[in-house]
């Protein structure tokens, strides 16, 4: 004869499930495990960099898996420019880059996608930053929040601040944009190393890039860990040759 649970047992199990659920809800995820809201705001506004991990956690097998692609990237005429831009991006746009490498952001080398990028930086399920060949030069694609590039902070496409966008680059023809799906998603295209550097040095544009990266690094684990190239990340972390 099957045993029956007493009402007390049932109430105990319900209480245990509720406690586990509440613990799960309270457990921080993403960057909130390492930086509280105030620390994230300080980093966002450029008020110092929080202490990063002294050493990286990496997989030797993962490094070997993409070593050939990295060597192929080095043969491209754009390689030096790509690695220099990535070093600037890694230093300026990713919080705690060593501590969060691979688990909360990753960089892919020559990923096998139809748009044929040279490198792509991702977090969670989102593309953050991509570099492409443009003849012997390069072009980039930033994904950011639309509200950071409108005149009034709204998500209305017709309120886009075109004048500001043109101020972010060396010449007006160096910048373009598009509207991906999503209520507050915006794509910025920038051509040429000098204009990409200028975009990343503009305080408002840099803050927008950081804000979008925080949004997606806070969403949880990076979905693109398996395609992470440690060799490219070396340069993003200031450890490349």
Task: the stretch 152-239, relative contact order in percent, only Cα pairs under 8 angstrom and at least six apart counted - done: 19
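Over the stretch 66-167, what is the relative contact order in whole percent, taking alpha-carbon pairs under 8 Å and six or more residues apart? Don't skip to the answer; put the middle values down first.
Numbers: 111 pairs, mean separation 16.7, N = 102.
Rounded, it is 16 percent for the stretch 66-167.
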TODO: Taking only Cα atoms and a 10 Å spring cutoff, compute GNM fluctuations for the chain and point out the largest among 154, 37, 27.
DONE: 27
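May I ask you to order 186-197, 54-65, 131-142 by the average number of other C-beta atoms within 10 Å around their residues, highest value first? Could you put the intermediate results ahead of the total?
Values: 186-197: 19.7, 54-65: 11.8, 131-142: 17.8.
With the highest mean Cβ count within 10 Å placed first, the list reads 186-197, 131-142, 54-65.
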TODO: Report, largest value first, the span of the C-alpha coordinates of the stretch 53-236 along each principal axis, in whole Å.
DONE: 48, 37, 31
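Remind me, relative contact order of the chain in percent, using alpha carbon pairs under 8 angstrom and six or more residues apart? Spell out each step's value before the answer.
Details: 363 pairs, mean separation 62.7, N = 241.
Once normalised by length, the contact order is 26 percent.
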Open item on the list: Can you order the peptides 228-237, 70-79 by their average number of other Cβ atoms within 10 Å per residue, highest first?
Closed with: 228-237, 70-79
- [ ] Using a 10 angstrom cutoff on alpha carbons, build the Gaussian network for the chain and name the most mobile of 147, 124, 112.
- [x] 112
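All of the numbers you see were taken from the coordinates with simple rules; none came from a lab. Being a predicted model, the structure only gives us computed values, none of them experimental. Glycine gets a Cβ as well: all are built from the backbone with ideal geometry, and neighbour counts include every protein chain shown.
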